[in-house]
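Report on the structure given below.
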Amino acid sequence: MNRSFEELVALAESPDATHDTFTRDECLLATRQYAALNREALRREHADGASGSNIVHLLSDTADDVVRGIYHFALASLGLHRAVQSRVALCALGGYGRGELSPFSDLDISLLYEGPLDEHIRAINGFLIPFFWDSGFVVGYSIHSIHEANELASDDILTFTRFLESRHLAGDSMVFARLKLHIRELQSGPLAEKFIEQKVRDRYETLTTEHRDMYAPEPNIKENAGGLRDFHTALWLLMISYGITTLDEAVAQGIISQDEHLSLIDAVDLMWRIRNEMHFHAGRAEDRLTYANQLHIAEAFGYVPGPSVRLFMQDYYTAAGKLRRFMRLTARACSPNTNINLPDSGMPIAQDYVIENGELYVGVGDTQWFFHSPTRLMEVFWICARHKVPLSHGVERMVTASLDLVNDAFRESDVVRRFFLAICNHPLQAGHALRQAASVGLLGRYIPEFADVDNVIRYADFHSFPVGEHTLRAIESLANLDSVPGAVGRCLREAIENLSDPYILVLAILFHDLGKVHGDVHVEESVKLTRQICERIAIDEGDTERIAFLVQHHILMTTISQYRDIDDEDIVESFSDTMQNEYRLRALFLLSYADLSAVAPGVWNEWKGALLLQLYLRAVKRLLGRAETSGDEYWKSSKADEVRESAPPELRAHVDVHLQGLNQRYF
């Protein structure tokens, strides 16, 4: 029975592995099978509408497994575990170094070593080169000593660029770290200015005539103006000038806005999806959008027969325009003193959506508009949130008819996640957009756990609405804080205005009652489902914990304020210890209000609000050593004025001192 690639790699990694543990032919066959099976699985995911970005990252992960496995085969076959393991490192360069690999792109790999090029290094090099090629990959391979690699990177901008995004794959990490340390030194040295100037010139002044026209009839998706090269060059410039490595960091430093960020992510994802389709279809590397490729992709992506190619190319040129503008913006930000002419790329020729008569219209005349790019199903609700407009009836029907596109690939899509979190990060508009998403079935498809509990009714704690309706009303209540009177309203508004990452709060509200699908006792099940959803849609571990904490404790503040003595310092101290920080306290204060206000008509009232506020202010004082303002002091209330008027004249001078010594609960 043939041993699998994973089994052979595990054997090769064993310190006891020797040259007769397996044969080269056995390892080669297993490697080719492993790579082919994974590539075919990813081809099926792509055909099912998976995000283009997800596919290139998963292809890179597969290549990582293969490269590391081949490296261990080499060490075991040559008996070199101890002889070279502390002297060599394999690293990925270029696009592969970024973790982005199209189906038939080259693997750009370098073998780095320290010390002399002795027989051991030559032996491992001699094993790796033919094995890489025989395994079915097209490999761009090089071997350098650390000293040589450092010199080349210092003298040659092309080599510096390849090493700029290098990534350790196998071998000794300290060997690789010495190269990266030198690259970082170069990033802040004289080479940096030369690098920026040359890269900007490469994309403008010296760009070949063939690739200069963004609207070329048969553009190269990688090299043309508006192609992937623009996007990656812009990231290189940001890396050199600002130390930025991701678009998220560009937003954090104010280089681009959140809206621009999402627009770029969407454009890049389309570019990757197009490139992946060309590679898979051709069975080789293919980057030119020939007329034949345009026709094939328009059909593969489900564009309407007849004008399909025109509609597809409109979407392509729109995405290219976004990438070209990003390149121009970055060039200006990173080389403000350049004399290079940076022309405007012009507006995209296609308009994806229009607001007319207070309603949102998309894909006019194209019933397959969502099929061309399934991520648009979430994007339209982000647009609803931004502009606070409803979908037109026609668009609602288009969304409903396209719900079969919401599969596992859609739920795991990075682009979809970003649009979803962008919706939730606008708490005053999130309820409007999420209710629409729920009404047409998208929210339940994207988060099946919400669909499971949507129409479930639990009458415990005076709930009058089904769980789904209660949840949506709770999120919508965040938009109604202006209608909450008095000090409670002011503190709630201050809390939400000062709440960083408000999507944490919105997601906690969305998830807090999901456990009721199994009964009224639901908190632990809600936490479990929260973690399950966060893992599926790739919310990072830190944010998952913040959301899970709020779900875990979503009834704590209400319970303590209404059923415990909040004048008891021990109770307040215990509650404050649970909160630990001001962020948790603010978020739970808002969640408690939202939850109570959506239970049933009349459940939220000023008395319950005052109790919540008192506990909130006491906890703030515990956590920060100060109390947040709640407006006029409570001893200046109308009830306090009545006490003053009722007091005998000779005692009125002492009333204020007496009132200030009382607790707010008296008022």
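Between region 491-525 and region 149-217, what is the C-alpha centre distance in whole Å? After rounding, the separation between the Cα centres reads 45 Å.
Distance check, please: which entries in K199/K322; K199/K222; K180/K322 exceed 25 angstrom between their Cα atoms? Beyond 25 Å between Cα atoms: K180/K322. Shape of region 219-287 from the C-alpha gyration tensor: prolate (a/c of 1.5 or more and a/b above b/c, with a ≥ b ≥ c the square roots of its eigenvalues).
Here is the tail figure for region 157-285: Cα pairs spaced more than 16 Å apart come to 71 percent of all pairs. About the centre of its Cα atoms, the chain shows a dipole size close to 860 debye [charges on the beta carbon of Lys, Arg (+1) and Asp, Glu (-1) only; nearest 20 debye]. For region 78-133, the residue among P130, G115, G79 whose Cα projects farthest onto the positive side of the dipole built from Cβ charges is G79. Straight-line cross-link reach from K516 at under 25 Å between alpha-carbon atoms covers these lysines, not counting any fewer than eight positions away in the same chain: K528, K608. Rounded to the nearest 20, the Cβ-based charge dipole of region 533-628 about its Cα centre (Lys and Arg +1, Asp and Glu -1) stands at 260 debye. When the Cα positions of T400, L311, G69 are compared along the charge dipole of the chain, L311 comes out farthest toward the positive end, with charges on each C-beta of Lys, Arg, Asp and Glu.
For region 476-542, the square roots of the Cα gyration tensor eigenvalues, ordered a ≥ b ≥ c, give a/c of at least 1.5 with a/b no greater than b/c, which places it in the oblate category. Given axes a ≥ b ≥ c from the Cα gyration tensor, I'd like to know whether region 54-167 is rounded (a/c under 1.5), prolate (a/b larger than b/c) or oblate. Note, shape of region 54-167 comes out oblate.
Accessible surface of W607, taken over heavy atoms with a 1.4 Å probe and every protein chain present, rounds to 150 Å².
By the Kirkwood approach, averaging reciprocal distances over each pair of separate Cα atoms, region 57-97 gets a hydrodynamic radius of 11.3 Å. Taking all protein chains as they are arranged and a probe of 1.4 Å, the heavy atoms of D540 leave approximately 90 Å² accessible to solvent.
Close amide H contacts of L289 (hydrogens built in the peptide plane, cut-off under 5 Å, sequence separation of 5 or more or a different chain): N220, I221. Within the same chain, aspartates and glutamates fewer than 8 places from K194 are excluded, and of the rest, those with a Cα less than 16 Å from its Cα are D155, D156, E185, D202, E205.
Calculated accessible area for the chain comes out at 44 Å² per residue, all protein chains present (probe 1.4 Å; ligands, DNA, RNA ignored). One Cα centroid belongs to region 431-454, the other to region 56-101; the line between them spans 43 Å. Going by accessible surface with a 1.4 Å probe and the largest first, T246, T544 read T246, T544.
The values are calculated or read from the model by the stated rules, or taken from the named source; none is laboratory data. Note that this is a predicted model, so its numbers are computed, not measured. So basically every Cβ, Gly included, is an ideal-geometry build from the backbone, and we count neighbours across all protein chains shown. Ligands, DNA and RNA are excluded from the accessible area calculation, which covers all protein heavy atoms including side chains. Shrake-Rupley method; radii C 1.70, N 1.55, O 1.52, S 1.80 Å.
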